[in-house]
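Novice: For reference, the structure I am asking about is given below.
The values are calculated or read from the model by the stated rules, or taken from the named source; none is laboratory data. Computed from a predicted structure; not experimentally measured. Cβ coordinates were reconstructed from backbone atoms using ideal geometry, including for glycine residues, and neighbour counts include every protein chain displayed. Heavy atoms of the whole protein, side chains included, go into the accessibility calculation; ligands, DNA and RNA do not. Shrake-Rupley method; radii C 1.70, N 1.55, O 1.52, S 1.80 Å.
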Amino acid sequence: MKFIVLTIFPDMFNPLWEYGIVKRAIDQNKISASTVNIRDFEKGRHRVTDDRPYGGGSGMVMKPEPVAAAIRSAKKSALASKTILLTPQGRRLDHSMARGLVSLPGLILVCGRYEGVDERICQELIDYEISIGDYVLTGGELAAMVIIDAVTRLIPGVLGGADSAEKDSFSGSLLEYAHYTRPQTYEGTEVPEVLMSGNHKEIEKWRLESSLIRTFLKRQDLLQNRPLDRQEIEILKKWCLDIERIIHAQPLRGAGALSGGQQAGRHNNGRHNEP
Ligand code: 4GX
């Protein structure tokens, strides 16, 4: 995978190339990474890359000529690449989009600053517009780094374990299960016993249960459009029964004094407390 980043701040990317998994991917030739300084394509005497907006108003706009020249130059050195503009107007990045991007031979990532780039660039030279979320950054650089990071770790062989990326949270659209490491007791809290049992089948079951219940508690939206398999339905049903058991075990409030007041506001008319 070839990443070419177009930016007026190429040095911002140095820490990305120099640390962790991305550095290792570069060292192992799994990705190639380069930046192109848009300013180098501005031929004006003062090499200014922005200008005032037609129609007036505050803020500046990136001039079309240097951005276009930088994109055309990048395309020449990466013919099959797709060109992406980072912008809040783009389609929102998620894990399945990252999986789609990893199958492309290369990405040219265009980072705008100020109010954005001249509209005529978007129509001419951009294949996709991507947003990393509904908030406003000061430039596309951090968004480009997020994409490079998320895509790089999906390249086969980049992560340590053979199937680390497949076991990710979101691959099965569930959150990750809870993780523990030594010590066995930390500030009085024990590691769940099953994880130390060596019983791999039981551990798998516990982890699925952990994933499922965390997703239910923290991100119900992820469960909405996802079919449940038989094992997952069993797990959720067991939780339903446990929750009902707790509700049923509550002492009957107002028992022996069924006259009005204390029963008011109960949506179930006390049904759950009946034998
Ligand atoms: N996800 N920004 C880009 C300037 C800009 C505006 C329009 C091109 C077109 C952002 C995001 C983001 C702020 C980066 C505005 N460039 N990018 N910049 N959220 O907020 O990707």
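Novice: Is one or more of the residues making up segment 147-163 within 21 Å of Asp94 (Cβ to Cβ), touching a Ser or Thr at 6+ places or on another chain (Cβ under 8 Å) and among the acidic types (Asp, Glu)?
Specialist: no
Novice: Go through segment 133-166 and give me each residue that's modelled with pLDDT of 95 or more, among the small types (Gly, Ala, Ser) and away from the ligand (no atom under 16 Å from the Cβ).
Specialist: Gly157
Novice: Can you tell me which of Leu174, Leu208, Leu212 is of a type in the set (A, V, I, L, M) and part of a loop (DSSP other than H, G, I, E, B)?
Specialist: The unique qualifying residue is Leu174.
Novice: Right, next: Which numbered condition trips up His272, out of (1) out of contact with any Gly (no Cβ under 7 Å at 6 or more places or on another chain); (2) modelled with pLDDT under 95; (3) open to solvent by 90 Å² or more (accessible area, probe 1.4 Å)?
Specialist: Going through the list (1) out of contact with any Gly (no Cβ under 7 Å at 6 or more places or on another chain); (2) modelled with pLDDT under 95; (3) open to solvent by 90 Å² or more (accessible area, probe 1.4 Å), His272 breaks only (3).
Novice: Could you list, ordered by first residue, the pairs with Cβ atoms under 8 Å in which the first is in segment 229-245 and closer than 15 Å to Trp206 by Cβ and the second is of a type in the set (Val, Ile, Thr), at least 6 apart or interchain?
Specialist: Close Cβ pairs (under 8 Å, with a partner that is of a type in the set (Val, Ile, Thr)) amount to Ile235/Ile213; Trp239/Ile213.
Novice: Of all residues in segment 149-166, how many are of a type in the set (Gly, Ala, Ser), open to solvent by 40 Å² or more (accessible area, probe 1.4 Å) and touching a residue at least 12 places away in the same chain (Cβ under 8 Å)?
Specialist: Residues in segment 149-166 being of a type in the set (Gly, Ala, Ser), open to solvent by 40 Å² or more (accessible area, probe 1.4 Å) and touching a residue at least 12 places away in the same chain (Cβ under 8 Å): 1 in total.
Novice: Scanning segment 70-81 for residues that are of a type in the set (Lys, Arg) and open to solvent by 70 Å² or more (accessible area, probe 1.4 Å), which turns out nearest to the ligand (Cβ to nearest atom)?
Specialist: Here the residue is Arg72.
Novice: Among (1) open to solvent by 40 Å² or more (accessible area, probe 1.4 Å); (2) farther than 17 Å from Glu124 by Cβ, where does Leu93 come up short?
Specialist: (1)
Novice: Is there any pair linking a residue in segment 112-133 that is touching a residue at least 12 places away in the same chain (Cβ under 8 Å) to one that is part of a loop (DSSP other than H, G, I, E, B) and near the ligand (Cβ under 9 Å from one of its atoms), with Cβ under 6 Å and at least six apart or on different chains, and which?
Specialist: So the pair list comes out as Gly112/Gly140; Ile130/Leu93; Ile132/Leu93.
Novice: Then there's this: Picking from Ser173, Ser169, which residue would you name as being out of contact with any Gly (no Cβ under 7 Å at 6 or more places or on another chain), open to solvent by 30 Å² or more (accessible area, probe 1.4 Å) and either near the ligand (Cβ under 10 Å from one of its atoms) or under 22 Å from Trp206 (Cβ atoms) (or both)?
Specialist: Ser173
Novice: Now for a separate question. Just to be sure before I move on: is Asp40 of a type in the set (Asp, Glu) and within 16 Å of the ligand (Cβ to nearest atom) in the structure I sent?
Specialist: Taking the combined requirement at face value, the residue does not satisfy it.
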